[in-house]
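A.B. asks: Okay, here's the structure, questions in a sec.
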Amino acid sequence: MRLLEKRMGYTFRNISLLRTALTHSSFANENMGSRLGCNERLEFLGDSVLSLTVCNYLYRTYPALPEGRLTVLRKNLVCQRALAEYATELELGSFLLLGKGEAKDGREKPKLLEDAFEAVLGALYLDAGCLDAVFAFLEPFIKRELGKMERELQPLEDYKTLLQQYVQQTPGEELRYELVSEEGPDNAKIFSVRVLINSNCFGNGKGSSKKEAEQNAAREALKLYLPK
């Protein structure tokens, strides 16, 4: 536990909170006599703590961003992939108390890591009694993930939706996708699409399907609009 505290940069006053956060229901069910509760309630709390912390950070950091774009950024900061990556960096899996069935491969399951990470946030919030400690712990993760989005756009899963949300902020703007070409045999076609805003081309994309090509075109257009 002390090693995990060191990695977190925080020392718990009530270490049992952290221990509970790391206890999966499978372990608690198999060890009724241990009086250890599982981490599900802390996970429930941590989910809200995480959302509030991230929302507060985005609201203050990007005062000019509309609600739609803030929502997409938040979604990608708190998705399972991101949380599992945070947990893996802390080597959280090695600290989990798992039942015999889950112990075989559960320490690397993204869902278990996500849940445990949220439970740890809930424990941290209860122990500290405020969000400041949670923010201090999360800030490096948040900044790094936002940096990835700004440089590469890789974490964003739906570029078309984000672009549409941006365009809708300006009344009268018209967004549409136009098929430019369709090449190759039926079993290996390559589609080329461009995205137009008020008849002006903002991006081009290719893909093995029209949907993929449209997403890639939207991705190119978004490079103009993500916060710098």
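Only the coordinates and a few stated rules stand behind these numbers; no lab work does. Since we're looking at a predicted model, the values are computed, not measured. All Cβ positions, glycine included, derive from the backbone under ideal geometry; neighbour counts span all protein chains shown.
A.B. asks: To the nearest 0.05, what FRET efficiency results for ASP105 and ALA136 with a Förster distance of 25 Å applied to their C-beta separation? Mind showing how you got there, number by number?
C.D. replies: Values: r = 33 Å, r/R0 = 1.30.
For ASP105 and ALA136, the calculated efficiency is 0.15.
A.B. asks: Can you figure out the FRET efficiency of ALA64 with ASN14, using R₀ = 41 Å and their beta-carbon distance, to the nearest 0.05?
C.D. replies: Details: r = 41 Å, r/R0 = 1.00.
Calculated value: 0.50.
A.B. asks: Count neighbours as other Cβ atoms within 10 Å of each site's Cβ, and list the trypsin sites (Lys or Arg not before Pro) in region 1-95 that are DSSP loop with at most 16 such neighbours.
C.D. replies: Values: sites: ARG2, LYS6, ARG7, ARG13, ARG19, ARG35, ARG41, ARG60, ARG69, ARG74, LYS75, ARG81; in loops: ARG13, ARG35.
Taking region 1-95 and a limit of 16 other Cβ atoms within 10 Å, the loop trypsin sites (Lys or Arg not before Pro) found are ARG13, ARG35.
A.B. asks: I'd like the FRET efficiency for ASN29 and CYS79, computed as 1/(1 + (r/R0)^6) with the beta carbon distance as r and R0 of 25 Å, rounded to 0.05. Please list the in-between numbers first.
C.D. replies: Working: r = 28 Å, r/R0 = 1.13.
Once the sixth-power term is evaluated, E becomes 0.30.
A.B. asks: Could you work out the equivalent-ellipsoid semi-axes for region 25-67, taking the square root of 5 times each eigenvalue of the Cα gyration tensor, largest first, in whole Å?
C.D. replies: Working: eigenvalues 291, 10, 6 Å².
Over the Cα atoms of region 25-67, the semi-axes work out to 38, 7, 5 Å.
A.B. asks: Related question: Which of the residue pairs LYS160/LYS189; LYS160/LYS210; LYS160/LYS206; LYS160/LYS223; LYS148/LYS206; LYS148/LYS189 have a Cα-Cα distance greater than 19 Å in the structure shown?
C.D. replies: Too far apart for the 19 Å limit: LYS160/LYS189; LYS148/LYS206; LYS148/LYS189.
A.B. asks: While we're looking at this one, here's another question. Using only Cα atoms, find the angle between the long axis of helix 80-89 and the longest principal axis of the chain, and express it within 0 to 90 degrees, rounded to the nearest 10.
C.D. replies: It is inclined by approximately 50 degrees.
A.B. asks: Per 0.36 nm of contour for each residue apart, how much would the distance between SER181 and LYS143 grow if the chain were fully extended, relative to their Cα-Cα spacing?
C.D. replies: Details: separation 38, 0.36 × 38 = 13.68 nm, distance 3.94 nm.
Extending this stretch completely gives an extra 9.7 nm.
A.B. asks: How far is helix 40-61 tilted off the main Cα axis of the chain, in degrees rounded to 10, range 0 to 90?
C.D. replies: For 40-61 against the chain, the angle is about 50 degrees.
A.B. asks: Report the chymotrypsin sites (Phe, Trp or Tyr not before Pro) located in region 96-197 that are in a DSSP loop and have at most 13 other Cβ atoms inside 10 Å of their Cβ, or state none. Mind showing how you got there, number by number?
C.D. replies: Working: sites: PHE117, TYR125, PHE135, PHE137, PHE141, TYR159, TYR166, TYR177, PHE191; in loops: none.
In loop regions of region 96-197 (DSSP not H, G, I, E or B), there are no sparsely surrounded chymotrypsin sites (Phe, Trp or Tyr not before Pro).
A.B. asks: Going by the alpha-carbon gyration tensor, a ≥ b ≥ c the square roots of its eigenvalues, is the chain rounded (a/c under 1.5) or, if a/c is not under 1.5, prolate (a/b greater than b/c) versus oblate? Before the final figure, lay out each step's value.
C.D. replies: Numbers: a/c = 3.35, a/b = 1.93, b/c = 1.74.
Note, shape of the chain comes out prolate.
A.B. asks: Taking the mean number of other Cβ atoms within 10 Å as a proxy for protection, how do you rank 46-56, 200-210 from highest to lowest?
C.D. replies: Numbers: 46-56: 18.1, 200-210: 15.7.
The densest-packed peptide leads the list: 46-56, 200-210.
A.B. asks: So how tilted is helix 110-128 from the main axis of the chain? Cα-based, degrees 0 to 90, rounded to 10.
C.D. replies: Taking the Cα atoms of the chain, the angle to 110-128 is about 60 degrees.
A.B. asks: Continuing with this model, one more query. Let me see the pair-distance distribution of region 159-222: every alpha carbon pair, 10 Å bin width, integer percents in order.
C.D. replies: Calculated P(r), rounded to whole percents: 25, 50, 19, 5, 0.
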